């Protein structure tokens, strides 16, 4: 079976700096990979490569067996939660529709019925049909984020990329978002690459962790990667990983790399 | 009643009405995007530079060149605005700087011009009766070109305008579209300046779209409504101005404003009755 993602010897340089190199990663259909690491370690850059927006400086990348292509419908993308302008003149179903064909040039007359059906199906998958006709700006952050997921799912993607989709959502909303993504993965075998600062909300669904620090990385199951030994090696300082009930707490790493009061 | 019908049989009135129809279609199509991109101030700035360009052309080349002068002024400055980033403060400041400079230039050119004063004021307050067959033809050709371009880029443009980060992630050329839109806007503003005048181009490009946004959050419905509102304002304004023998712009502006007020009230009433219409804000 073709892997959803195949990276081999992948390297990215930006502004004269190598973000990471020698990255080999195969992601199987239906696999959930969580990408962790401090700011500037190249997590979002990895998503840009997979979206076809940025080329590798070395190595190869395949998505669904082919080089990544801009605007590919088989790759869904969920961005960080950021409230839309309250007066944005779009309804929920328009926002979702833009995810389907918003990048296409040319007149929009063809396939209207088919388009409406797919938008409806995507809205159904995130239980958003009830307020699909409301202006997006009037919806809560959690509701907007559900629409974002529908927007990513409407192209029926084999791969779903998420960039900090839980940021600024409360715990209940975080759980809803994770459940919706998990449901999609279970029911459609969609592979997920989930970039986050916070592993715990996705820990129960995570198959493997890709942990990036300063050009170094480790790949493995949460139990393999999230150990004091591995993270101390990565951060090149003493890091302690503590398990409290079903949560993993990392002490020492983020303290050093993220200045207090800085960007989340 | 007879006087109105008599008016309609005159060539220059027919030319004026055709010009008005084309201009209103373009304004109604672009308006919702202008409002969605938060570019009202850019439109005003572009109009002042179209005024400067038109006034300069009038001074140097005479009345026939006014349209071209306005077009050059508007498109040049629209390109600058289009290339500006999304940072609101920086944009506002640059627009303010160029707008005042353009207005100053325009006033200078007008002061130096020694021809008919109607030619001068036309650019500021509109001069619909000056539209001849050649103008109508040029306007229609430009209108068709703008329409074709808009048909091709409309979806990505809407995406890039209202949801820019996501559009960029989906590979939409956000920056290039911003420049394409600026040119479409510049062309439309230049045409508008010659008909309703530089001071009131906003009432065609902004007011109908802002009114429509009070009634619906659907981009398609909003565009259709904006075109209808712009047509009512322009055609109504032309007819009243001809009957009253006064400049066109106050009537266009008043009709557009009345439509806006009605839409606000209707929108507010619907919101109170719990119908989901638009965000209050």
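Take residue A:170 and tell me if it is under 15 Å from residue A:99 (Cβ atoms) and either surrounded by fewer than 20 Cβ atoms within 10 Å (Cβ to Cβ) or within 15 Å of the chain's Cα centre (by Cα) (or both). Walk me through how you get there before you give the answer.
Details: under 15 Å from residue A:99 (Cβ atoms): no; either surrounded by fewer than 20 Cβ atoms within 10 Å (Cβ to Cβ) or within 15 Å of the chain's Cα centre (by Cα) (or both): yes.
For residue A:170, the condition - under 15 Å from residue A:99 (Cβ atoms) and either surrounded by fewer than 20 Cβ atoms within 10 Å (Cβ to Cβ) or within 15 Å of the chain's Cα centre (by Cα) (or both) - is not met.
Each row is one residue, and each column tells you yes or no for (1) buried (at least 16 other Cβ atoms within 10 Å of the Cβ); (2) in a helix (DSSP H, G or I); (3) more than 7 Å from chain A (Cβ to nearest Cβ); (4) modelled with pLDDT of 90 or more.
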{"position": "B:119", "(1), (2), (3), (4)": "yes, yes, yes, no"}
{"position": "B:135", "(1), (2), (3), (4)": "yes, yes, yes, no"}
{"position": "B:140", "(1), (2), (3), (4)": "no, yes, yes, no"}
{"position": "B:147", "(1), (2), (3), (4)": "no, yes, yes, yes"}
{"position": "B:150", "(1), (2), (3), (4)": "yes, yes, yes, yes"}
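Taking helices (runs of 4 or more DSSP H) that fall entirely within segment B:161-265, which contain at least 2 residues that are within 14 Å of chain A (Cβ to nearest Cβ) and either touching a helix residue (DSSP H, G or I) at 6+ places or on another chain (Cβ under 7 Å) or touching a residue at least 60 places away in the same chain (Cβ under 8 Å) (or both)?
B:164-169, B:174-195, B:207-215, B:219-244
Name the single residue, out of those in segment A:36-55 being within 14 Å of chain B (Cβ to nearest Cβ) and in a loop (DSSP other than H, G, I, E, B), that is nearest to residue A:163 (Cα to Cα). Spell out how you get there, then give the answer.
Here is the first cut: in segment A:36-55, the residues within 14 Å of chain B (Cβ to nearest Cβ) are A:44-55.
Imposing the further condition that a residue be in a loop (DSSP other than H, G, I, E, B) reduces the set to A:51-55.
Values: A:51: 12, A:52: 15, A:53: 15, A:54: 16, A:55: 18 Å.
Filtering segment A:36-55 for residues that are within 14 Å of chain B (Cβ to nearest Cβ) and in a loop (DSSP other than H, G, I, E, B), the one nearest to residue A:163 (Cα to Cα) comes out as A:51.
Would segment A:189-197 turn up any residue that is modelled with pLDDT under 90, assigned by TED's automatic domain parsing to the domain that holds residue A:4 and touching a helix residue (DSSP H, G or I) at 6+ places or on another chain (Cβ under 9 Å)? Working first, answer last.
Within segment A:189-197, the subset modelled with pLDDT under 90 is A:197.
In the following step, the residues that additionally are assigned by TED's automatic domain parsing to the domain that holds residue A:4 were identified as A:197.
This time we only want the ones that are touching a helix residue (DSSP H, G or I) at 6+ places or on another chain (Cβ under 9 Å), so: A:197.
Yes: segment A:189-197 contains one or more residues that are modelled with pLDDT under 90, assigned by TED's automatic domain parsing to the domain that holds residue A:4 and touching a helix residue (DSSP H, G or I) at 6+ places or on another chain (Cβ under 9 Å).
Determine which single condition residue B:184 fails, assuming it passes every other condition in (1) buried (at least 23 other Cβ atoms within 10 Å of the Cβ); (2) closer than 19 Å to residue B:65 by Cα.
(2)
Residues in segment A:154-180 that are away from chain B (no Cβ under 14 Å) and touching a strand residue (DSSP E or B) at 6+ places or on another chain (Cβ under 6 Å): how many?
Going through segment A:154-180, the residues away from chain B (no Cβ under 14 Å) turn out to be A:156, A:158, A:166, A:168-180.
Next, only the ones that are touching a strand residue (DSSP E or B) at 6+ places or on another chain (Cβ under 6 Å) stay: none.
So the count comes out to 0.
Which residue pairs have Cβ atoms closer than 9 Å, lie 6 or more positions apart in sequence or on different chains, and pair a first residue in segment B:266-281 that is more than 12 Å from chain A (Cβ to nearest Cβ) and under 20 Å from residue A:85 (Cα atoms) with a second residue that is part of a loop (DSSP other than H, G, I, E, B) and at pLDDT below 80?
So the pair list comes out as B:268/B:280.
In segment A:125-137, what residues are assigned to a helix (DSSP H, G or I) and either surrounded by fewer than 12 Cβ atoms within 10 Å (Cβ to Cβ) or within 14 Å of another protein chain (Cβ to nearest Cβ) (or both)? Walk me through how you get there before you give the answer.
We begin by selecting, within segment A:125-137, every residue assigned to a helix (DSSP H, G or I); these are A:125, A:129-131, A:136-137.
Those that are assigned to a helix (DSSP H, G or I) and either surrounded by fewer than 12 Cβ atoms within 10 Å (Cβ to Cβ) or within 14 Å of another protein chain (Cβ to nearest Cβ) (or both): A:129, A:130, A:131, A:136, A:137.
Quick check on segment A:78-92. Is at least one of its residues more than 8 Å from chain B (Cβ to nearest Cβ), assigned to a loop (DSSP other than H, G, I, E, B), under 20 Å from residue B:160 (Cα atoms) and touching a strand residue (DSSP E or B) at 6+ places or on another chain (Cβ under 8 Å)?
Checked segment A:78-92: at least one residue is more than 8 Å from chain B (Cβ to nearest Cβ), assigned to a loop (DSSP other than H, G, I, E, B), under 20 Å from residue B:160 (Cα atoms) and touching a strand residue (DSSP E or B) at 6+ places or on another chain (Cβ under 8 Å).
What is the one condition in (1) within 20 Å of the chain's Cα centre (by Cα); (2) at the interface with chain B (Cβ under 8 Å from one of its Cβ atoms); (3) surrounded by fewer than 23 Cβ atoms within 10 Å (Cβ to Cβ) that residue A:95 does not satisfy?
(3)
With the requirement that a residue be in a strand (DSSP E or B) and under 23 Å from residue A:222 (Cα atoms), what does segment A:10-31 give you? Lay out the reasoning, then the answer.
Taking segment A:10-31 and keeping what is in a strand (DSSP E or B), we get A:10-14, A:17-27.
Residues satisfying the conditions are A:10, A:19, A:20, A:21, A:22, A:23, A:24, A:25, A:26, A:27.
So which of A:113, A:58, A:122 is within 24 Å of residue A:159 (Cβ to Cβ), exposed (fewer than 15 other Cβ atoms within 10 Å of the Cβ) and more than 7 Å from chain B (Cβ to nearest Cβ)? Don't jump to the end; show me each part of the working.
Working: A:113 fails: within 24 Å of residue A:159 (Cβ to Cβ); A:122 fails: exposed (fewer than 15 other Cβ atoms within 10 Å of the Cβ).
Of A:113, A:58, A:122, the one residue that is within 24 Å of residue A:159 (Cβ to Cβ), exposed (fewer than 15 other Cβ atoms within 10 Å of the Cβ) and more than 7 Å from chain B (Cβ to nearest Cβ) is A:58.
If I ask for residues that are surrounded by 15 or more Cβ atoms within 10 Å (Cβ to Cβ) and more than 7 Å from chain B (Cβ to nearest Cβ), which ones from segment A:99-110 would you list?
A:99, A:100
Looking at segment A:128-141, can you tell me whether even one residue there is touching a strand residue (DSSP E or B) at 6+ places or on another chain (Cβ under 7 Å) and more than 30 Å from residue B:214 (Cβ to Cβ)?
There is no residue in segment A:128-141 that is touching a strand residue (DSSP E or B) at 6+ places or on another chain (Cβ under 7 Å) and more than 30 Å from residue B:214 (Cβ to Cβ).
Considering only segment B:104-117, state which residues are surrounded by fewer than 20 Cβ atoms within 10 Å (Cβ to Cβ) and in a helix (DSSP H, G or I).
Restricting attention to segment B:104-117, the residues satisfying the condition of being surrounded by fewer than 20 Cβ atoms within 10 Å (Cβ to Cβ) are B:104-105, B:107-108, B:111-117.
Within segment B:104-117, B:104, B:105, B:107, B:108, B:111, B:112, B:117 qualify.
The values are calculated or read from the model by the stated rules, or taken from the named source; none is laboratory data. Bear in mind the structure is a predicted one, so any value in this text is a computation, not a measurement. Note that we place each Cβ from the backbone using ideal geometry, even for glycine, and neighbour counts take in every protein chain shown.
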